[in-house]
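The values are calculated or read from the model by the stated rules, or taken from the named source; none is laboratory data. Model, not experiment: these values are computed from the prediction. Backbone-built Cβ (ideal geometry, glycine too); neighbour counts: all protein chains shown. We work out accessible area using only protein heavy atoms, side chains counted, and drop any ligands, DNA or RNA first. Shrake-Rupley method; radii C 1.70, N 1.55, O 1.52, S 1.80 Å.
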Amino acid sequence: MPTQATDGWRAAAFPAASPRVGLLGAGAILSAYAHPQRTSPTERGKFVAINLLCKNVPEPPPGIPAAPAP
């Protein structure tokens, strides 16, 4: 991508045949923040909030049951 001096974020347009899928669609991110047999949108959301948006994510409140087995 050619760079231009801008203040803040700007949209980028990729050609239709581009293999780029973005950071959150990359296989490494999808597999690193998943469970062995299923996906985990919650884990990926926590990754995005903490590492990309610099937000604090509190622990779940007590008494919340674990997710059922697949």
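Descriptive notes on the structure:
- Dipole axis of the chain (+1 Lys, Arg; -1 Asp, Glu on Cβ), positive-most option in Ala13, Ser31, Leu53: Ala13
- Taken about its Cα centre, the chain carries a charge dipole of about 120 debye when Lys and Arg each add +1 at the Cβ and Asp and Glu each add -1 at the Cβ.
- Within the chain, trypsin sites (Lys or Arg not before Pro) in DSSP loop having at most 13 other beta-carbon neighbours inside 10 Å: Arg10, Arg20, Lys55
- Inter-label distance for Ser18 and Thr42, nm, one decimal - labels placed 7 Å from Cα along Cα-to-Cβ: 3.4
- Rounded accessible area per residue of the chain, 1.4 Å, Å²: 89
- Vicinal HN-Hα couplings computed from phi for the stretch 12-22 (Karplus, 6.51 cos²θ - 1.76 cosθ + 1.60; Hz; Gly/Pro x): 10, 10, 9, x, 4, 8, 5, x, 6, 10, x
- P(r) weight above 17 Å for the chain, C-alpha pairs, percent: 63
- Carbon + sulfur, % of accessible area of the chain - ligands and nucleic acids excluded, 1.4 Å: 62
- Taking amide H as placed 1.01 Å from N in the peptide plane, Ser40 has its amide H under 5 Å from the amide H of His35, each at least 5 places away in sequence or on another chain.
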